[in-house]
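See structure below.
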């Protein structure tokens, strides 16, 4: 007998576009559609949860009898900090994510942020609005340095791109090491304040975990160069936001390019909005045209893998998350 197709619950957000390959998914699975409001009613009997609304925390609120048949959760984001909770960590449910999809786009965004600061593009635009012709001298980017905090796929793509334009790049990760193929030297993040002062640019890309939350705090900011440029494309909570505001106001660091924040959207009364040495973008560093289609294709590929061997999903699926660490601990697998 042909086994019944698995039940896939697709957790989306109201009025959001559905995956472009939905018809293909429906050919091989029974798909239930829901939002946070009705996830609890959709989950019973579901083997698979597709978290298309990738910042949703609704699974935690509905954990229990409704999830007893759940075997695999796929979240369409690289970071899984909004999804993980103790009961899910302790369960046998496999979690996968979108590792690899955002690597190059975010690397390009980081490079653009560095160039925009070095070449004073934000200032030029401000003078243009004021119809003011003001000649200045800019910074030569080649020969400057960058510390990339986070040595996963996004961090590695960033290191390679920055090196290609002439920056000296080192990394910061869980474990210190030398002779890394992308970073050369990798420092221990636990000792960040001891070496962060050696770099012109500090790039935060690390996953948000209990160990990395507020890792860029007042002592670390105080240890940075006074002209240093902080770029955060990871999670807002990697940085102590109030300490950052103080450091920018007092000139303890030179500038910040921020794509992520503690509260999103960034509240209108945040002092960051009006600071001349801050560039703000609305959590868009990885969102290039067509990115949702790539996310949907990754899930469909994983669904085919799951159907081939549903008894051992952790052994066949791409981008299996180490639930204790909070990220994919090995390099993402390529397409078959």
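The values are calculated or read from the model by the stated rules, or taken from the named source; none is laboratory data. All figures in this text were calculated on a predicted structure; none of them were measured in a lab. A quick note on method: Cβ atoms are made from the backbone with ideal geometry, for glycine too, and the neighbour counts reach across all protein chains shown.
So how many residues does segment 9-37 have that are farther than 18 Å from residue 293 by Cβ and in contact with a helix residue (DSSP H, G or I) (Cβ under 7 Å, 6 or more places away or on another chain)?
First, the residues of segment 9-37 that are farther than 18 Å from residue 293 by Cβ: 9, 11, 14-15, 28-30, 32-37.
Going one step further and asking which of them are in contact with a helix residue (DSSP H, G or I) (Cβ under 7 Å, 6 or more places away or on another chain), we end up with 9, 11, 28-29, 32, 34, 36.
The total comes to 7.
Could you tell me whether residue 327 is closer than 23 Å to residue 89 by Cβ, in the same structural domain as residue 19 (by TED's automatic domain parsing) and buried (at least 20 other Cβ atoms within 10 Å of the Cβ)?
no
Table: residues versus (1) crowded, with 18+ Cβ neighbours inside 10 Å; (2) farther than 30 Å from residue 182 by Cα.
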position: 37; (1), (2): no, yes
position: 53; (1), (2): yes, yes
position: 56; (1), (2): yes, yes
position: 75; (1), (2): yes, no
position: 84; (1), (2): yes, no
position: 87; (1), (2): no, yes
position: 101; (1), (2): yes, no
position: 106; (1), (2): yes, no
position: 110; (1), (2): yes, no
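For segment 241-261, which residues satisfy the criterion of being in a loop (DSSP other than H, G, I, E, B) and surrounded by 17 or more Cβ atoms within 10 Å (Cβ to Cβ)?
Step one: of segment 241-261, the residues in a loop (DSSP other than H, G, I, E, B) are 251-254, 259-261.
Result: 252, 253, 254, 259, 260, 261.
Hey, can you tell me all the residues within segment 170-185 that are within 20 Å of the chain's Cα centre (by Cα) and not in a loop (DSSP other than H, G, I, E, B)?
Residues satisfying the conditions are 170, 171, 172, 173.
Kindly provide the set of residues from segment 219-240 that are touching a strand residue (DSSP E or B) at 6+ places or on another chain (Cβ under 6 Å) and not in a loop (DSSP other than H, G, I, E, B), ordered by number.
Selection gives 229, 230, 231, 232, 238, 239.
For the list (1) touching a helix residue (DSSP H, G or I) at 6+ places or on another chain (Cβ under 7 Å); (2) part of a loop (DSSP other than H, G, I, E, B), I need the number of the one condition that residue 143 fails.
(1)
With the condition kept exactly as written, say whether any residue in segment 72-79 is over 30 Å from residue 57 (Cβ atoms) and not in a helix (DSSP H, G or I). Don't jump to the end; show me each part of the working.
Residues of segment 72-79 that are over 30 Å from residue 57 (Cβ atoms), as a first pass: none.
Checked segment 72-79: no residue is over 30 Å from residue 57 (Cβ atoms) and not in a helix (DSSP H, G or I).
Within segment 231-240, count every residue that is buried (at least 24 other Cβ atoms within 10 Å of the Cβ) and over 16 Å from the mean Cα position of the chain (by Cα).
0
State all residues of segment 285-317 that are modelled with pLDDT of 95 or more, part of a loop (DSSP other than H, G, I, E, B) and surrounded by 12 or more Cβ atoms within 10 Å (Cβ to Cβ); if no residue qualifies, say none.
285, 286, 287, 288, 317
Please find, among 56, 13, the residue that is touching a strand residue (DSSP E or B) at 6+ places or on another chain (Cβ under 8 Å) and either part of a helix (DSSP H, G or I) or closer than 20 Å to residue 98 by Cβ (or both). Even if it seems obvious, please write down each step before you answer.
Numbers: 13 fails: touching a strand residue (DSSP E or B) at 6+ places or on another chain (Cβ under 8 Å).
So the residue among 56, 13 that is touching a strand residue (DSSP E or B) at 6+ places or on another chain (Cβ under 8 Å) and either part of a helix (DSSP H, G or I) or closer than 20 Å to residue 98 by Cβ (or both) is 56.
From the list 31, 48, exactly one residue is at pLDDT 95 or above and either loosely packed, with under 15 Cβ neighbours inside 10 Å or within 16 Å of residue 298 (Cα to Cα) (or both). Which is it?
Values: 31 fails: either loosely packed, with under 15 Cβ neighbours inside 10 Å or within 16 Å of residue 298 (Cα to Cα) (or both).
Only one candidate qualifies: 48.
Conditions tested, residue by residue: (1) within 22 Å of residue 162 (Cα to Cα); (2) in contact with a helix residue (DSSP H, G or I) (Cβ under 6 Å, 6 or more places away or on another chain); (3) modelled with pLDDT of 95 or more.
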site	(1), (2), (3)
66	no, yes, yes
76	no, yes, yes
92	no, no, yes
106	yes, yes, yes
109	yes, no, yes
